[in-house]
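A.B. asks: Below is one structure. I have some questions about it.
The values are calculated or read from the model by the stated rules, or taken from the named source; none is laboratory data. Here the structure is a predicted model, which is why all the values come from computation and not from measurement. For neighbour counting, all protein chains shown are included, and Cβ atoms are generated from backbone atoms with ideal geometry for every residue, glycine included.
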Amino acid sequence: MTDKTSMPIQVYSEIGRLERVILHRPSIELENLIPANLEALLFDDIPYLEAAQKEHDAFAQVLKENGVEVLYLEKLAAEAIDNGNVREEFIEEWLSESGLEPGAHYHAVKEKLTAIEDSYELILKTMTGFRKDEVKVEEGTTLIDTLDRDYPLLINPMPSLYFTRDPFATIGQGISLNHMYSETRKRETIYGKYIFQYHPVVKDNSVPLYYFRDESTYIEGGDILVLSEDVLAIGISQRTDARSIEKLAKNVFEDTDYSQVLAFLIGSNRKFMHLDTVFTMVDYDKFTIHPEIEDQLKVYTITSQDGEVKIEEETDPLEEILEAALNIEKVTLIRCGDDDPVAAAREQWNDGANTLAIAPGELIVYDRNPVTNALLEEAGIKLHKIQGSELVRGRGGPRCMSMPIYRERF
Ligand SMILES: NC(=O)NCCC[C@H](N)C(=O)O
(Lines give C-alpha, C1' and ligand atoms only; values in the text may rest on other atoms or scores of the structure.)
Protein backbone atom coordinates (compact mmCIF):
# COMPACT_ATOMS: atom_id res chain seq x y z
CA MET A 1 0.00 0.00 0.00
CA THR A 2 3.02 2.23 0.18
CA ASP A 3 3.59 2.93 -3.48
CA LYS A 4 0.09 3.47 -4.92
CA THR A 5 -1.07 7.02 -4.63
CA SER A 6 -4.43 6.61 -6.31
CA MET A 7 -7.43 4.66 -4.97
CA PRO A 8 -5.76 1.65 -3.38
CA ILE A 9 -8.60 -0.88 -3.41
CA GLN A 10 -9.78 -2.72 -6.50
CA VAL A 11 -11.59 -6.02 -6.04
CA TYR A 12 -14.23 -6.75 -8.66
CA SER A 13 -13.96 -10.54 -8.68
CA GLU A 14 -12.77 -13.58 -6.76
CA ILE A 15 -10.38 -14.62 -9.52
CA GLY A 16 -8.83 -11.60 -11.31
CA ARG A 17 -5.01 -11.72 -11.18
CA LEU A 18 -4.09 -10.92 -7.59
CA GLU A 19 -1.72 -7.98 -7.23
CA ARG A 20 -1.85 -7.07 -3.54
CA VAL A 21 -3.04 -8.86 -0.45
CA ILE A 22 -3.15 -8.35 3.32
CA LEU A 23 -1.92 -11.20 5.56
CA HIS A 24 -1.16 -11.46 9.25
CA ARG A 25 1.83 -13.59 10.22
CA PRO A 26 0.70 -15.71 13.20
CA SER A 27 2.58 -14.50 16.26
CA ILE A 28 2.78 -14.83 20.05
CA GLU A 29 -1.01 -14.58 20.29
CA LEU A 30 -1.01 -18.32 19.48
CA GLU A 31 1.12 -19.02 22.56
CA ASN A 32 -1.64 -17.66 24.78
CA LEU A 33 -4.00 -20.40 23.60
CA ILE A 34 -4.61 -22.97 26.35
CA PRO A 35 -7.24 -25.70 26.74
CA ALA A 36 -9.30 -23.40 28.99
CA ASN A 37 -9.80 -20.79 26.27
CA LEU A 38 -9.75 -22.82 23.03
CA GLU A 39 -13.51 -22.99 22.56
CA ALA A 40 -14.17 -19.33 23.36
CA LEU A 41 -11.33 -18.27 21.06
CA LEU A 42 -12.63 -20.50 18.22
CA PHE A 43 -9.70 -22.91 17.93
CA ASP A 44 -9.87 -26.69 17.93
CA ASP A 45 -6.28 -27.23 18.95
CA ILE A 46 -3.10 -25.32 19.80
CA PRO A 47 -0.82 -24.76 16.78
CA TYR A 48 2.95 -25.02 17.28
CA LEU A 49 3.92 -21.41 16.64
CA GLU A 50 7.31 -21.92 15.02
CA ALA A 51 5.92 -24.45 12.54
CA ALA A 52 2.81 -22.30 11.88
CA GLN A 53 5.06 -19.34 11.08
CA LYS A 54 7.13 -21.46 8.68
CA GLU A 55 3.97 -22.63 6.91
CA HIS A 56 2.67 -19.09 6.77
CA ASP A 57 5.97 -17.75 5.41
CA ALA A 58 5.84 -20.42 2.70
CA PHE A 59 2.30 -19.27 1.82
CA ALA A 60 3.55 -15.65 1.56
CA GLN A 61 6.48 -16.84 -0.55
CA VAL A 62 4.20 -18.53 -3.09
CA LEU A 63 2.23 -15.30 -3.35
CA LYS A 64 5.40 -13.22 -3.85
CA GLU A 65 6.85 -15.64 -6.43
CA ASN A 66 3.66 -15.15 -8.38
CA GLY A 67 3.92 -11.39 -8.44
CA VAL A 68 1.64 -10.59 -5.50
CA GLU A 69 2.65 -7.79 -3.15
CA VAL A 70 2.19 -9.01 0.41
CA LEU A 71 1.24 -6.45 3.05
CA TYR A 72 1.03 -7.29 6.72
CA LEU A 73 -1.91 -6.18 8.86
CA GLU A 74 0.31 -5.53 11.88
CA LYS A 75 2.64 -3.25 9.90
CA LEU A 76 -0.20 -1.34 8.25
CA ALA A 77 -1.88 -0.78 11.62
CA ALA A 78 1.38 0.54 13.12
CA GLU A 79 1.90 2.89 10.15
CA ALA A 80 -1.69 4.07 10.48
CA ILE A 81 -1.51 5.00 14.16
CA ASP A 82 1.82 6.78 13.60
CA ASN A 83 0.55 8.66 10.59
CA GLY A 84 -2.68 9.70 12.31
CA ASN A 85 -0.84 10.49 15.53
CA VAL A 86 -3.54 8.48 17.31
CA ARG A 87 -1.64 6.12 19.59
CA GLU A 88 -3.45 7.29 22.69
CA GLU A 89 -6.87 7.11 21.08
CA PHE A 90 -6.03 3.61 19.79
CA ILE A 91 -4.89 2.39 23.23
CA GLU A 92 -8.04 3.78 24.89
CA GLU A 93 -10.31 2.20 22.31
CA TRP A 94 -8.51 -1.16 22.46
CA LEU A 95 -8.74 -1.13 26.27
CA SER A 96 -12.43 -0.27 26.22
CA GLU A 97 -12.97 -3.45 24.17
CA SER A 98 -10.55 -5.65 26.14
CA GLY A 99 -13.06 -6.85 28.72
CA LEU A 100 -11.27 -5.04 31.57
CA GLU A 101 -13.31 -2.75 33.80
CA PRO A 102 -11.74 0.61 34.66
CA GLY A 103 -9.65 0.11 37.80
CA ALA A 104 -6.12 -0.74 38.87
CA HIS A 105 -5.55 -3.45 36.25
CA TYR A 106 -6.91 -1.23 33.51
CA HIS A 107 -4.50 1.55 34.46
CA ALA A 108 -1.56 -0.81 34.80
CA VAL A 109 -2.18 -2.25 31.31
CA LYS A 110 -2.59 1.24 29.91
CA GLU A 111 0.76 2.26 31.39
CA LYS A 112 2.46 -0.79 29.95
CA LEU A 113 1.07 -0.16 26.48
CA THR A 114 1.88 3.55 26.58
CA ALA A 115 5.48 2.73 27.51
CA ILE A 116 6.00 0.68 24.32
CA GLU A 117 7.77 3.13 22.03
CA ASP A 118 7.68 1.25 18.78
CA SER A 119 4.18 1.19 17.26
CA TYR A 120 4.75 -2.16 15.57
CA GLU A 121 5.57 -3.72 18.97
CA LEU A 122 2.54 -1.97 20.46
CA ILE A 123 0.24 -3.47 17.82
CA LEU A 124 1.72 -6.96 18.35
CA LYS A 125 1.22 -6.66 22.10
CA THR A 126 -2.45 -5.73 21.67
CA MET A 127 -2.83 -8.86 19.53
CA THR A 128 -1.02 -11.05 22.08
CA GLY A 129 -3.06 -10.07 25.16
CA PHE A 130 -1.82 -9.95 28.76
CA ARG A 131 -1.11 -12.67 31.28
CA LYS A 132 -2.04 -11.98 34.91
CA ASP A 133 1.57 -12.39 36.02
CA GLU A 134 2.62 -9.52 33.73
CA VAL A 135 0.36 -7.03 35.48
CA LYS A 136 0.78 -7.06 39.24
CA VAL A 137 -1.31 -4.50 41.11
CA GLU A 138 -2.10 -3.78 44.76
CA GLU A 139 -5.81 -4.38 44.69
CA GLY A 140 -8.33 -6.09 46.91
CA THR A 141 -9.65 -9.31 45.39
CA THR A 142 -12.99 -8.90 43.65
CA LEU A 143 -15.63 -11.58 43.21
CA ILE A 144 -14.68 -12.01 39.56
CA ASP A 145 -10.98 -12.33 40.49
CA THR A 146 -11.95 -15.02 42.97
CA LEU A 147 -14.04 -16.95 40.47
CA ASP A 148 -11.37 -16.65 37.75
CA ARG A 149 -8.42 -17.37 40.05
CA ASP A 150 -7.21 -20.35 38.04
CA TYR A 151 -7.37 -18.66 34.64
CA PRO A 152 -3.90 -17.23 33.89
CA LEU A 153 -4.81 -14.52 31.38
CA LEU A 154 -5.99 -11.01 32.16
CA ILE A 155 -6.76 -10.08 28.55
CA ASN A 156 -7.25 -12.78 25.95
CA PRO A 157 -5.19 -12.93 22.76
CA MET A 158 -6.71 -12.65 19.27
CA PRO A 159 -5.51 -15.93 17.72
CA SER A 160 -7.83 -15.83 14.69
CA LEU A 161 -6.15 -12.70 13.32
CA TYR A 162 -4.23 -14.70 10.72
CA PHE A 163 -7.60 -15.25 9.05
CA THR A 164 -7.50 -11.75 7.54
CA ARG A 165 -10.47 -12.59 5.32
CA ASP A 166 -12.97 -12.05 8.07
CA PRO A 167 -12.74 -8.73 10.01
CA PHE A 168 -13.13 -6.60 6.89
CA ALA A 169 -13.89 -7.42 3.27
CA THR A 170 -13.03 -5.58 0.07
CA ILE A 171 -15.88 -4.99 -2.38
CA GLY A 172 -15.12 -3.00 -5.55
CA GLN A 173 -13.25 0.05 -4.29
CA GLY A 174 -14.61 -0.04 -0.75
CA ILE A 175 -14.74 -2.01 2.45
CA SER A 176 -17.24 -3.81 4.62
CA LEU A 177 -15.84 -3.16 8.11
CA ASN A 178 -17.53 -6.01 9.85
CA HIS A 179 -19.35 -6.49 13.12
CA MET A 180 -18.20 -9.97 14.06
CA TYR A 181 -20.37 -12.74 15.49
CA SER A 182 -18.21 -13.74 18.46
CA GLU A 183 -16.87 -11.70 21.38
CA THR A 184 -13.32 -12.80 20.63
CA ARG A 185 -13.36 -11.72 16.98
CA LYS A 186 -15.27 -8.42 17.50
CA ARG A 187 -12.03 -6.97 18.85
CA GLU A 188 -10.12 -7.77 15.64
CA THR A 189 -11.86 -5.13 13.53
CA ILE A 190 -10.12 -2.28 15.39
CA TYR A 191 -7.04 -2.74 13.15
CA GLY A 192 -9.06 -2.31 9.95
CA LYS A 193 -10.79 0.71 11.43
CA TYR A 194 -7.48 2.50 12.03
CA ILE A 195 -5.90 1.35 8.75
CA PHE A 196 -8.73 2.61 6.58
CA GLN A 197 -8.99 5.85 8.51
CA TYR A 198 -5.38 6.79 9.09
CA HIS A 199 -2.96 4.91 6.85
CA PRO A 200 -0.90 7.43 4.82
CA VAL A 201 -2.04 5.99 1.52
CA VAL A 202 -5.72 5.56 2.18
CA LYS A 203 -6.25 8.60 4.36
CA ASP A 204 -6.84 11.20 1.70
CA ASN A 205 -8.67 8.80 -0.56
CA SER A 206 -11.39 8.14 2.02
CA VAL A 207 -12.14 4.48 1.31
CA PRO A 208 -15.93 4.05 1.24
CA LEU A 209 -17.36 1.85 4.00
CA TYR A 210 -20.42 -0.23 3.14
CA TYR A 211 -20.79 -1.75 6.64
CA PHE A 212 -19.68 -0.56 10.07
CA ARG A 213 -18.24 -2.34 13.07
CA ASP A 214 -20.75 -0.63 15.40
CA GLU A 215 -23.78 -2.02 13.53
CA SER A 216 -26.04 -4.16 15.73
CA THR A 217 -26.07 -7.28 13.52
CA TYR A 218 -23.15 -9.47 12.56
CA ILE A 219 -21.42 -10.22 9.26
CA GLU A 220 -17.98 -11.72 8.49
CA GLY A 221 -15.76 -11.53 5.40
CA GLY A 222 -15.64 -15.30 4.88
CA ASP A 223 -19.29 -15.02 3.88
CA ILE A 224 -18.72 -12.28 1.28
CA LEU A 225 -17.75 -13.41 -2.25
CA VAL A 226 -17.28 -10.88 -5.05
CA LEU A 227 -18.49 -12.89 -8.04
CA SER A 228 -18.30 -10.17 -10.71
CA GLU A 229 -18.52 -6.43 -11.33
CA ASP A 230 -22.21 -6.43 -10.43
CA VAL A 231 -22.97 -9.58 -8.40
CA LEU A 232 -22.00 -10.53 -4.83
CA ALA A 233 -22.70 -13.85 -3.10
CA ILE A 234 -23.14 -13.65 0.68
CA GLY A 235 -23.65 -16.54 3.09
CA ILE A 236 -26.45 -16.51 5.67
CA SER A 237 -24.54 -18.59 8.18
CA GLN A 238 -23.44 -19.02 11.76
CA ARG A 239 -21.44 -15.81 11.29
CA THR A 240 -23.66 -13.63 9.09
CA ASP A 241 -27.18 -12.54 9.91
CA ALA A 242 -29.74 -12.06 7.11
CA ARG A 243 -30.42 -8.51 8.37
CA SER A 244 -26.76 -7.58 7.85
CA ILE A 245 -26.94 -8.78 4.25
CA GLU A 246 -29.90 -6.46 3.58
CA LYS A 247 -28.05 -3.51 5.13
CA LEU A 248 -24.90 -4.21 3.11
CA ALA A 249 -26.94 -4.76 -0.07
CA LYS A 250 -28.73 -1.40 0.35
CA ASN A 251 -25.41 0.39 0.83
CA VAL A 252 -23.68 -1.18 -2.16
CA PHE A 253 -26.74 -0.70 -4.39
CA GLU A 254 -26.76 2.99 -3.43
CA ASP A 255 -23.03 3.70 -3.69
CA THR A 256 -21.68 1.32 -6.36
CA ASP A 257 -22.58 -0.45 -9.62
CA TYR A 258 -23.44 -3.64 -7.73
CA SER A 259 -27.05 -4.54 -8.52
CA GLN A 260 -27.50 -8.10 -7.29
CA VAL A 261 -26.70 -10.11 -4.17
CA LEU A 262 -27.17 -13.87 -4.07
CA ALA A 263 -27.79 -14.79 -0.43
CA PHE A 264 -26.82 -18.43 0.21
CA LEU A 265 -28.58 -19.94 3.23
CA ILE A 266 -26.05 -22.53 4.48
CA GLY A 267 -27.34 -22.99 8.03
CA SER A 268 -25.68 -22.30 11.36
CA ASN A 269 -22.90 -24.78 11.91
CA ARG A 270 -19.34 -24.59 13.24
CA LYS A 271 -17.90 -26.79 10.50
CA PHE A 272 -19.48 -24.63 7.75
CA MET A 273 -19.02 -21.38 9.64
CA HIS A 274 -18.70 -19.19 6.50
CA LEU A 275 -19.79 -19.55 2.89
CA ASP A 276 -16.13 -19.79 1.84
CA THR A 277 -15.69 -22.99 3.86
CA VAL A 278 -18.10 -24.74 1.46
CA PHE A 279 -18.08 -22.71 -1.78
CA THR A 280 -15.34 -20.76 -3.60
CA MET A 281 -14.89 -19.47 -7.14
CA VAL A 282 -11.90 -20.98 -8.95
CA ASP A 283 -12.33 -19.84 -12.58
CA TYR A 284 -14.75 -17.80 -14.73
CA ASP A 285 -17.11 -20.75 -14.82
CA LYS A 286 -15.97 -23.10 -12.06
CA PHE A 287 -16.62 -23.29 -8.33
CA THR A 288 -15.74 -25.67 -5.52
CA ILE A 289 -18.65 -26.84 -3.40
CA HIS A 290 -19.01 -29.14 -0.40
CA PRO A 291 -21.63 -31.77 -1.35
CA GLU A 292 -23.03 -31.93 2.20
CA ILE A 293 -24.65 -28.49 1.85
CA GLU A 294 -26.13 -29.00 -1.60
CA ASP A 295 -29.45 -30.56 -0.56
CA GLN A 296 -30.25 -28.01 2.11
CA LEU A 297 -28.88 -24.97 0.25
CA LYS A 298 -31.38 -22.21 -0.52
CA VAL A 299 -30.50 -19.16 -2.60
CA TYR A 300 -32.32 -15.81 -2.49
CA THR A 301 -31.73 -13.07 -5.04
CA ILE A 302 -31.66 -9.55 -3.65
CA THR A 303 -32.03 -6.62 -6.04
CA SER A 304 -33.01 -3.00 -5.65
CA GLN A 305 -36.48 -1.66 -6.35
CA ASP A 306 -37.45 1.96 -5.69
CA GLY A 307 -34.75 2.34 -3.07
CA GLU A 308 -35.82 -0.82 -1.20
CA VAL A 309 -34.46 -4.33 -1.49
CA LYS A 310 -36.50 -6.90 -3.40
CA ILE A 311 -36.13 -10.58 -2.40
CA GLU A 312 -36.85 -13.59 -4.60
CA GLU A 313 -36.35 -17.22 -3.64
CA GLU A 314 -34.54 -19.16 -6.38
CA THR A 315 -35.78 -22.62 -7.29
CA ASP A 316 -33.40 -23.56 -10.13
CA PRO A 317 -30.32 -25.75 -9.64
CA LEU A 318 -27.29 -23.80 -8.38
CA GLU A 319 -25.45 -24.10 -11.71
CA GLU A 320 -28.35 -22.35 -13.47
CA ILE A 321 -28.63 -19.64 -10.83
CA LEU A 322 -24.92 -18.87 -11.30
CA GLU A 323 -25.12 -19.06 -15.12
CA ALA A 324 -27.92 -16.49 -15.11
CA ALA A 325 -26.26 -14.19 -12.56
CA LEU A 326 -22.88 -14.27 -14.32
CA ASN A 327 -24.28 -14.36 -17.82
CA ILE A 328 -22.26 -17.41 -18.86
CA GLU A 329 -23.30 -20.54 -20.70
CA LYS A 330 -22.14 -23.31 -18.44
CA VAL A 331 -21.04 -23.42 -14.82
CA THR A 332 -19.21 -26.46 -13.39
CA LEU A 333 -19.31 -27.34 -9.70
CA ILE A 334 -16.28 -29.25 -8.42
CA ARG A 335 -17.27 -31.31 -5.40
CA CYS A 336 -14.96 -31.32 -2.39
CA GLY A 337 -13.96 -34.95 -1.71
CA ASP A 338 -15.74 -36.10 -4.90
CA ASP A 339 -18.73 -38.40 -4.31
CA ASP A 340 -17.19 -40.06 -1.27
CA PRO A 341 -18.98 -38.74 1.83
CA VAL A 342 -16.05 -39.59 4.11
CA ALA A 343 -13.41 -37.89 1.93
CA ALA A 344 -15.78 -34.93 1.46
CA ALA A 345 -16.36 -34.48 5.20
CA ARG A 346 -12.66 -34.89 6.01
CA GLU A 347 -11.38 -32.60 3.30
CA GLN A 348 -13.99 -29.90 3.95
CA TRP A 349 -12.96 -29.91 7.64
CA ASN A 350 -9.37 -29.42 6.41
CA ASP A 351 -10.42 -26.57 4.12
CA GLY A 352 -10.31 -28.42 0.81
CA ALA A 353 -13.04 -26.14 -0.55
CA ASN A 354 -11.37 -23.00 0.81
CA THR A 355 -9.13 -22.08 -2.13
CA LEU A 356 -7.49 -18.75 -2.97
CA ALA A 357 -7.46 -17.79 -6.66
CA ILE A 358 -4.38 -15.82 -7.68
CA ALA A 359 -5.59 -15.72 -11.30
CA PRO A 360 -8.49 -17.30 -13.21
CA GLY A 361 -7.97 -21.06 -12.96
CA GLU A 362 -4.88 -20.76 -10.72
CA LEU A 363 -5.18 -21.46 -6.99
CA ILE A 364 -3.32 -21.77 -3.73
CA VAL A 365 -4.59 -24.83 -1.82
CA TYR A 366 -3.51 -26.98 1.12
CA ASP A 367 -1.63 -30.12 0.02
CA ARG A 368 -3.50 -32.19 2.62
CA ASN A 369 -6.66 -32.58 0.52
CA PRO A 370 -5.55 -34.93 -2.29
CA VAL A 371 -9.01 -36.04 -3.42
CA THR A 372 -10.30 -32.51 -4.00
CA ASN A 373 -6.96 -31.34 -5.40
CA ALA A 374 -6.95 -34.16 -7.99
CA LEU A 375 -10.44 -33.16 -9.12
CA LEU A 376 -9.36 -29.53 -9.47
CA GLU A 377 -6.36 -30.57 -11.56
CA GLU A 378 -8.54 -32.80 -13.74
CA ALA A 379 -10.72 -29.76 -14.36
CA GLY A 380 -7.66 -27.93 -15.71
CA ILE A 381 -6.98 -25.79 -12.64
CA LYS A 382 -3.33 -24.98 -11.85
CA LEU A 383 -2.55 -25.58 -8.18
CA HIS A 384 0.15 -24.23 -5.87
CA LYS A 385 0.07 -26.61 -2.90
CA ILE A 386 1.14 -25.41 0.54
CA GLN A 387 1.48 -27.22 3.84
CA GLY A 388 -1.00 -26.31 6.52
CA SER A 389 -0.70 -28.89 9.28
CA GLU A 390 -0.42 -26.24 12.00
CA LEU A 391 -2.35 -23.44 10.29
CA VAL A 392 -5.39 -25.65 9.74
CA ARG A 393 -5.85 -26.10 13.49
CA GLY A 394 -7.47 -22.65 13.53
CA ARG A 395 -10.03 -23.94 10.96
CA GLY A 396 -9.22 -21.97 7.86
CA GLY A 397 -7.50 -22.33 4.50
CA PRO A 398 -5.78 -20.09 1.92
CA ARG A 399 -8.88 -17.96 1.22
CA CYS A 400 -9.51 -17.38 4.93
CA MET A 401 -5.85 -16.40 5.46
CA SER A 402 -5.82 -13.59 2.88
CA MET A 403 -7.61 -10.33 2.15
CA PRO A 404 -7.15 -9.22 -1.47
CA ILE A 405 -6.74 -5.48 -1.85
CA TYR A 406 -6.07 -5.25 -5.55
CA ARG A 407 -7.06 -7.62 -8.35
CA GLU A 408 -6.74 -7.11 -12.10
CA ARG A 409 -10.08 -6.33 -13.77
CA PHE A 410 -11.14 -8.26 -16.85
N1 LIG B 1 -13.27 -17.41 6.33
C2 LIG B 1 -13.04 -18.36 7.24
O3 LIG B 1 -13.65 -19.43 7.21
N4 LIG B 1 -12.18 -18.10 8.22
C5 LIG B 1 -11.72 -19.02 9.20
C6 LIG B 1 -11.91 -18.50 10.58
C7 LIG B 1 -11.41 -19.43 11.65
C8 LIG B 1 -11.53 -18.87 13.05
N9 LIG B 1 -10.88 -19.68 14.01
C10 LIG B 1 -12.99 -18.71 13.41
O11 LIG B 1 -13.58 -19.67 13.91
O12 LIG B 1 -13.55 -17.64 13.18
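A.B. asks: For segment 85-120, which positions are at pLDDT below 95 and of a type in the set (Asp, Glu)?
C.D. replies: Answer for segment 85-120, where residues must be at pLDDT below 95 and of a type in the set (Asp, Glu): just Glu101.
A.B. asks: If you scan segment 121-141, which residues turn out to be modelled with pLDDT under 95 and in contact with a Leu (Cβ under 6 Å, 6 or more places away or on another chain)?
C.D. replies: Step one: of segment 121-141, the residues modelled with pLDDT under 95 are 132-141.
Lys132, Val135 - these are the residues of segment 121-141 that are modelled with pLDDT under 95 and in contact with a Leu (Cβ under 6 Å, 6 or more places away or on another chain).
A.B. asks: Looking at Arg165, is it in contact (Cβ under 8 Å) with a residue 60 or more places away in the chain and either within 29 Å of Leu23 (Cβ to Cβ) or part of a loop (DSSP other than H, G, I, E, B) (or both)?
C.D. replies: On the way: in contact (Cβ under 8 Å) with a residue 60 or more places away in the chain: yes; either within 29 Å of Leu23 (Cβ to Cβ) or part of a loop (DSSP other than H, G, I, E, B) (or both): yes.
So Arg165 fits the description; yes.
A.B. asks: Moving on to the next point. Out of all the residues in segment 216-263, which are over 20 Å from Asp351 (Cα atoms) and in a strand (DSSP E or B)?
C.D. replies: Val231, Leu232, Gln260, Val261, Leu262, Ala263
A.B. asks: Right, Ser216: farther than 16 Å from Cys400 by Cα and within 13 Å of the ligand (Cβ to nearest atom) or not? Spell out the reasoning first.
C.D. replies: Details: farther than 16 Å from Cys400 by Cα: yes; within 13 Å of the ligand (Cβ to nearest atom): no.
Here the answer is no, as Ser216 does not meet what is asked.
A.B. asks: Run down Ile405, Ile386, Ile358, Ile381 and say which single residue is touching a Gly at 6+ places or on another chain (Cβ under 7 Å) and among the aliphatic types (A, V, I, L, M).
C.D. replies: So the residue among Ile405, Ile386, Ile358, Ile381 that is touching a Gly at 6+ places or on another chain (Cβ under 7 Å) and among the aliphatic types (A, V, I, L, M) is Ile381.
A.B. asks: Select from segment 348-362 the residues that are surrounded by fewer than 24 Cβ atoms within 10 Å (Cβ to Cβ) and either of a type in the set (A, V, I, L, M) or in contact with a Ser or Thr (Cβ under 7 Å, 6 or more places away or on another chain) (or both) and list them in ascending order. Explain how you work it out, then say what you get.
C.D. replies: Going through segment 348-362, the residues surrounded by fewer than 24 Cβ atoms within 10 Å (Cβ to Cβ) turn out to be 349-350, 359-362.
Once the filter is applied, which keeps residues that are surrounded by fewer than 24 Cβ atoms within 10 Å (Cβ to Cβ) and either of a type in the set (A, V, I, L, M) or in contact with a Ser or Thr (Cβ under 7 Å, 6 or more places away or on another chain) (or both), segment 348-362 yields only Ala359.
A.B. asks: Among the residues of segment 382-409, count how many are assigned to a loop (DSSP other than H, G, I, E, B), away from the ligand (no atom under 16 Å from the Cβ) and in contact with a Leu (Cβ under 6 Å, 6 or more places away or on another chain).
C.D. replies: 0
A.B. asks: Moving to a separate point now. Which one of these is in contact (Cβ under 8 Å) with a residue 24 or more places away in the chain, more than 16 Å from the ligand (Cβ to nearest atom), touching a helix residue (DSSP H, G or I) at 6+ places or on another chain (Cβ under 7 Å) and within 29 Å of Arg395 (Cα to Cα): Val299, Val309, Val278?
C.D. replies: Details: Val309 fails: within 29 Å of Arg395 (Cα to Cα); Val278 fails: more than 16 Å from the ligand (Cβ to nearest atom).
After applying the criteria, what remains is Val299.
A.B. asks: Filter segment 127-156 down to residues that are touching a residue at least 40 places away in the same chain (Cβ under 8 Å), closer than 24 Å to Leu73 by Cβ and not in a strand (DSSP E or B), then give me how many there are.
C.D. replies: 4
A.B. asks: Could you give me the residue pairs with C-beta distances under 7 Å whose first residue belongs to segment 1-14 and is assigned to a loop (DSSP other than H, G, I, E, B), whose second residue is modelled with pLDDT under 50 wherever it lies, and which are 6+ apart or on separate chains?
C.D. replies: Pro8/Met1
A.B. asks: Give the residue that is nearest to Lys186 (Cα to Cα), with candidates limited to residues of segment 78-118 that are exposed (fewer than 14 other Cβ atoms within 10 Å of the Cβ) and hydroxyl-bearing (Ser, Thr, Tyr).
C.D. replies: Looking at the filtered set, the residue picked out is Ser96.
A.B. asks: Follow-up. Enumerate the strands (runs of 3 or more DSSP E) found wholly within segment 276-336, keeping only those where 3 or more residues are within 27 Å of the chain's Cα centre (by Cα), surrounded by fewer than 18 Cβ atoms within 10 Å (Cβ to Cβ) and not charged (D, E, K, R).
C.D. replies: Working: elements: 279-283, 286-289, 298-305, 308-313, 332-335.
It comes to 298-305.
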